[in-house]
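Undergrad: To start, I am sharing the structure in question, which I have written as structure tokens.
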Amino acid sequence: MANILVTGGAGFIGSHTCVELLASGHEVIIVDNFSNSKPEALKRIKKISGKDVKFYETDILDLDGLNKIFDENRIDAVIHFAGLKAVGESVQKPVEYYHNNITGTLMLIQAMRAHDCKKIVFSSSATVYGVDNPVPYVETMPTHTATNPYGYTKVMIEQILRDVAVSDPEWSIVLLRYFNPIGSHKSGLLGEDPNGIPNNLFPYIQQVAIGKREYLGVFGNDYDTPDGTGVRDYIHVMDLASGHLCAVDYVLGHKGVEAVNLGTGKGSSVLDVLHAFEKACGKKLAYKIMPRRAGDIAWCYANTDKAKKLFGWEAKYGIDEMCTDGWNFIQKNPNGL
Ligand code: NAD
Ligand code: UD1
């Protein structure tokens, strides 16, 4: 069992992954600055796992702070979630996004290198496939055409990590390209807790279901898809978490760089998700067709062969479980964590 440093471990995907790491016997050390999360998430991780987690409230831009964490702990591998992730905000604040995500990663790499820790799993995104590749997305496709600064931070960090591996073959790096993570831990104690009006589909539907918002705006019904609404590869956050466990095991035992998709390989439309949520919550949810959202694409789903081959991993849960668990969470936490 290994000591894993989890950056951004108080966030949505990080908190669920910490629960899985602890359940499988790993020691977890979390670093987060709570810029998009709350201390309550740490209490919930402890409550679910019954285990203690070491925590540092440190900004990953603070190199001295990072060095202190590595001085005080023997860290075998890092899972790097910390980053800003709102696509629209990244268009308004590109400098803040490039600084936080890219400089933060550079600081982390420096602290790791100084402490001879050269194993990292990085949170990348399907957004790196841009708009020109055909679905399903395969890891070998070119990834140079993101559509916004957030997406470019992922493209650039992937490149930086590849260059690091070329410069020193001792590094072991997995770039995990997530598709659309939704759902919650079964307990209803952890889940996604966005600030303000949700930008993403699933948290918006959750808020309609608990009566916080009147209706869902469906962004376009004239795409070239079966029902005209956008199709995405939604993946249960607990499947994503188990994918991280596989990736950690992989970096602990291998060298070099691998990019790996984490998706289900199946597409669901906006209306499919809405109807599955209606089934989960047992009521009709209002929606209105709106104009398309700038930058959206019609289709996005993964080819999942590589994750299966490299990790022996595949997603277990379908859209119905994602909705049941998401409904459980929002009922128990109508105002977030
Ligand atoms: P999140 O915002 O819930 O979690 C990110 C965490 O990082 C937060 O707790 C935040 O406080 C922390 N953080 C941000 N900047 C920091 C800094 N400078 N120092 C210390 N902590 C910092 O987001 P999430 O949905 O859990 O996403 C985790 C990662 O996965 C992100 O890198 C995101 O870009 C990536 N990702 C997310 C999705 C998605 O749909 N949620 C899809 C693809 C990729
Ligand atoms: C977006 C980002 C992606 C990021 C992810 C999670 C782009 C191109 N992609 O993915 O980089 O990792 O968010 O932060 O920006 N929809 C509605 N009504 C809503 C919200 C969404 O109809 O109120 C539709 C969208 O048009 C889309 C689908 O629902 O067809 C999913 O949208 P969303 O949850 O925002 O995820 P993505 O756009 O796929």
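The values are calculated or read from the model by the stated rules, or taken from the named source; none is laboratory data. Since this is a predicted model, take the numbers as computed values, not measurements. Cβ: placed from backbone, ideal geometry, glycine included. Neighbour counts: every protein chain shown.
Undergrad: Collect the residues in segment 1-33 that are within 11 Å of ligand 1 (Cβ to nearest atom) and either closer than 20 Å to residue 106 by Cα or of a type in the set (A, V, I, L, M) (or both), keeping them in residue-number order.
TA: 6, 7, 8, 9, 10, 13, 14, 30, 31, 32, 33
Undergrad: Same structure, new question: Would you please list the contacts, defined by Cβ atoms under 8 Å and residues six or more apart or on different chains, that run from a residue in segment 295-313 that is under 14 Å from residue 125 (Cα atoms) to a residue that is assigned to a helix (DSSP H, G or I)?
TA: 300/126; 300/129; 302/126
Undergrad: A follow-up question, please. So which of 75, 60, 69, 109 ends up being touching a Gly at 6+ places or on another chain (Cβ under 9 Å), more than 19 Å from residue 148 (Cβ to Cβ) and not polar (S, T, N, Q)?
TA: Working: 75 fails: touching a Gly at 6+ places or on another chain (Cβ under 9 Å); 69 fails: touching a Gly at 6+ places or on another chain (Cβ under 9 Å); 109 fails: touching a Gly at 6+ places or on another chain (Cβ under 9 Å).
Within the list 75, 60, 69, 109, the selection yields 60.
Undergrad: Can you tell me which residue among 288, 279, 284, 212 is assigned to a strand (DSSP E or B) and of a type in the set (Lys, Arg)?
TA: Step by step, each of 288, 279, 284, 212 is checked, and only 288 is assigned to a strand (DSSP E or B) and of a type in the set (Lys, Arg).
Undergrad: Next up: Going through segment 299-320 one residue at a time, which ones are in a loop (DSSP other than H, G, I, E, B) and either surrounded by 17 or more Cβ atoms within 10 Å (Cβ to Cβ) or within 19 Å of the chain's Cα centre (by Cα) (or both)?
TA: 301, 303, 304, 313, 314, 315, 316, 317, 318
Undergrad: Only one residue in 58, 103, 7, 17 is hydroxyl-bearing (Ser, Thr, Tyr), within 19 Å of residue 152 (Cα to Cα) and in contact (Cβ under 8 Å) with a residue 12 or more places away in the chain. Which one?
TA: The conditions single out 103.
Undergrad: For the subset of segment 49-92 comprising residues that are of a type in the set (Lys, Arg) and more than 13 Å from ligand 1 (Cβ to nearest atom), which member is nearest to residue 24 (Cα to Cα)?
TA: 51
Undergrad: Within segment 20-54, which residues are farther than 21 Å from residue 194 by Cα and among the charged types (D, E, K, R)?
TA: Listed by number, the residues that qualify are 20, 27, 46, 47, 51, 52, 54.
Undergrad: Select from segment 188-213 the residues that are over 14 Å from residue 322 (Cβ atoms) and among the polar types (S, T, N, Q) and write down the one among them that is nearest to ligand 2 (Cβ to nearest atom).
TA: Checking each candidate, the answer is 199.
Undergrad: Please find, among 9, 25, the residue that is of a type outside the set (D, E, K, R), over 16 Å from the mean Cα position of the chain (by Cα) and part of a loop (DSSP other than H, G, I, E, B). I'd like the intermediate steps shown before the answer.
TA: Working: 9 fails: over 16 Å from the mean Cα position of the chain (by Cα).
From the options 9, 25, the qualifying one is 25.
Undergrad: Just checking: which of the helices (runs of 4 or more DSSP H) contained wholly in segment 41-97 hold 1 or more residues that are away from ligand 2 (no atom under 16 Å from the Cβ) and either aliphatic (A, V, I, L, M) or crowded, with 18+ Cβ neighbours inside 10 Å (or both)?
TA: By residue number, 63-72, 94-97.
Undergrad: Identify all residues within segment 218-235 that are more than 13 Å from residue 273 (Cα to Cα) and not polar (S, T, N, Q); write none if there are none. Give the derivation first.
TA: Quick first cut of segment 218-235, residues more than 13 Å from residue 273 (Cα to Cα) only: 219-226, 228.
Within segment 218-235, 219, 220, 222, 223, 224, 226, 228 qualify.
Undergrad: Collect the residues in segment 54-90 that are of a type outside the set (Asp, Glu) and over 13 Å from residue 7 (Cα atoms), keeping them in residue-number order. Break it down into steps so the answer makes sense when it comes.
TA: The first filter runs over segment 54-90 and keeps only residues of a type outside the set (Asp, Glu), leaving 54-56, 58, 60-61, 63, 65-70, 73-75, 77-88, 90.
If the condition is that a residue be of a type outside the set (Asp, Glu) and over 13 Å from residue 7 (Cα atoms), then 63, 67, 68, 73, 74, 85, 86, 87, 88, 90 are the ones that fit.
Undergrad: Report yes if residue 239 is under 16 Å from residue 292 (Cα atoms) and either among the acidic types (Asp, Glu) or crowded, with 24+ Cβ neighbours inside 10 Å (or both), otherwise no.
TA: Answer is no for this residue.
Undergrad: Also: Considering only segment 164-185, state which residues are of a type outside the set (D, E, K, R) and surrounded by fewer than 16 Cβ atoms within 10 Å (Cβ to Cβ).
TA: So in segment 164-185, the residues of a type outside the set (D, E, K, R) come out as 164-167, 169, 171-176, 178-185.
Within segment 164-185, 166, 167, 169 meet the criteria.
Undergrad: Could you figure out which of (1) under 27 Å from residue 16 (Cβ atoms); (2) without any contact (Cβ under 8 Å) to a residue 60 or more places away in the chain; (3) more than 14 Å from ligand 1 (Cβ to nearest atom) isn't true of residue 204?
TA: Result: residue 204 fails condition (3) only.
Undergrad: Name the residue that is surrounded by the most Cβ atoms within 10 Å (Cβ to Cβ), counting only residues in segment 142-163 that are part of a loop (DSSP other than H, G, I, E, B) and within 16 Å of ligand 2 (Cβ to nearest atom).
TA: Here the answer is 143.
Undergrad: Now a separate question. Quick check on this structure: which one of 150, 178, 97 is touching a Pro at 6+ places or on another chain (Cβ under 6 Å) and either modelled with pLDDT under 95 or of a type in the set (Ser, Thr, Tyr) (or both)?
TA: Within the list 150, 178, 97, the selection yields 97.
Undergrad: Follow-up question, since we're still on this one. Please verify whether segment 164-187 includes one or more residues that are away from ligand 2 (no atom under 16 Å from the Cβ), among the acidic types (Asp, Glu) and either touching a Leu at 6+ places or on another chain (Cβ under 6 Å) or more than 17 Å from residue 20 (Cα to Cα) (or both).
TA: So in segment 164-187, the residues away from ligand 2 (no atom under 16 Å from the Cβ) come out as 164-174, 185-187.
Next, from what is left, pick out any that are among the acidic types (Asp, Glu): 168, 170.
Filter once more, keeping what is either touching a Leu at 6+ places or on another chain (Cβ under 6 Å) or more than 17 Å from residue 20 (Cα to Cα) (or both): 168, 170.
For segment 164-187, residues away from ligand 2 (no atom under 16 Å from the Cβ), among the acidic types (Asp, Glu) and either touching a Leu at 6+ places or on another chain (Cβ under 6 Å) or more than 17 Å from residue 20 (Cα to Cα) (or both): present.
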